[in-house]
Amino acid sequence: MDEQFDIQNYLAHGVERVIRETAKATLTNPKETLFLGKFALASKKASKLRKQEEEEGLHVPSFLITSITSACNLHCAGCYSRHNEATVDCEPVQQLSGEEWGNIFRQAEELGVSFILLAGGEPMLRWDVIDEASRIPSIIFPIFTNGTYMGEKYLDLFDRCRNLVPIMSIEGEEDTTDDRRGEGVYAKQISNMEECRKRGIIFGASITVTTENVKEVSSKEFIDKLAEKGCKVVIYVEFVPVTDEAQHLAPGDEEREYLKEAIARIRKENENVVFISFPGDEKSSGGCMAAGRGFFHINSHGGAEPCPFSPFSDINVKDTSLKDALNSGLFQALHNEQFLLDDHIGGCVLYEKREAVEALLANSK
């Protein structure tokens with residue numbers, strides 16, 4: 001039997017390692033060194049807060065995922081978010097305001113959340129929200145971006161506020177990336193990476209894994225290229241098919257086993273980079289991490305959802321607290337029914353079992 005992989009432990013130590021190595025490389029930059037030192041202390045404080053909540057009966061995950069906007073300027077092939085109408089071309093009027101997001105971030109800080117992922121849509125369309133995030137240095141905010149809005153203004157902000165970490169979406173080499181995301185996206189992302197490297201800004205890459213690119217994105221050549229650009233985090237996310245026509249792109253057992261072995265290899269070969277795989281790491285660490293087990297999701301309207309791939313909610317943080325959201329009836333039902341431990345075919349167990357989740361949602365209200 002394979003030794004169980006502890007994703008929470010790996011992430012905690014991986015982040016500590018990145019911080020430690022970056023601190024060594026930036027000793028000539030007092031501002032950077034000061035931030036990294038303060039965050040290390042804040043991370044320990046957050047861990048104590050989560051432990052206190054655990055003792056009082058509330059499990060607080062160290063990660064929160066937030067979709068801070070529904071708007072996006074790209075039409076990526078097979079996008080689950082557009083299919084679910086969670087992403088649109090223009091910003092709907094009922095989106096949470098920057099002030100409301102700032103309040104959510106501060107509540108998360110008080111609960112002991114250490115990482116808040118900013119997603120969308122395209123999160124860089126919401127300067128006001130990212131500006132709010134920049135004011136909370138005790139939390140690291142990875143920003144999952146298509147990179148097309150990463151200009152001088154954002155680069156200056158990332159340079160000043162090192163708790164903001166751009167995570168750039170890339171699907172492999174130029175042809176593969178542009179085929180899914182649009183012409184010129186790959187070149188823009190590479191340019192962004194080079195600018196970040198010049199400024200000493202920590203950044204990462206997010207990769208949607210399909211049957212067509214799995215070998216390319218896990219190859220030594222591709223990983224070496226990202227590492228040379230200065231990439232510190234690589235996140236592999238299995239493609240979630242939302243139409244019958246896209247089913248063939250979802251990784252099966254063969255592709256998953258290939259990726260699992262490839263990641264084990266590249267983790268040894270690239271100890272200066274953190275590699276994360278979803279849901280691969282989840283399966284080997286005891287099941288899906290959604291619905292508060294390892295993270296949960298707040299959508300652009302304030303709805304608390306198990307994860308971005310499972311857009312079901314019975315509570316809104318506009319009407320209640322983040323702490324209450326963690327205790328939502330839907331989240332508790334998902335834990336009690338043990339859906340999060342089930343095996344599945346696609347990249348998300350809750351999306352695959354969405355009819356059953358909808359039934360739980362109806363009963364939780």
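Divided by 2.2 N^0.38 Å, where N counts the residues, the Cα radius of gyration of the stretch 164-288 comes to 1.04. Would you mind pulling out the separation of the Cα centroids of the stretch 39-71 and the stretch 129-187, in Å? First find each Cα centre; the distance between them is then 23 Å. Rounded to the nearest 10 square angstrom, Ser321 shows an accessible area of 40 square angstrom against a 1.4 Å probe.
Remark: spin-label model distance Glu55-Ser134 equals 3.8 nm, labels positioned 7 Å along the Cα→Cβ axis.
For the stretch 73-115, the fraction of 1.4 Å probe accessible surface lying on carbon and sulfur atoms is 50 percent. Computed from the C-beta positions of Trp127 and Glu85, the FRET efficiency with R₀ = 25 Å rounds to 0.55. When the P(r) is computed for the stretch 146-228, the part past 22 Å accounts for 25% of the Cα-Cα pairs.
Label-to-label distance, Ser191 versus Glu261, with points set 7 angstrom from Cα along the beta-carbon direction: 4.0 nm.
The values are calculated or read from the model by the stated rules, or taken from the named source; none is laboratory data. Computed from a predicted structure; not experimentally measured. Because the Cβ atoms are built from the backbone with ideal geometry, glycine has one as well, and the counts that use them run over all protein chains shown. In case anyone asks, the SASA skips ligands and DNA or RNA and just uses the protein heavy atoms, side chains included. Shrake-Rupley method; radii C 1.70, N 1.55, O 1.52, S 1.80 Å.
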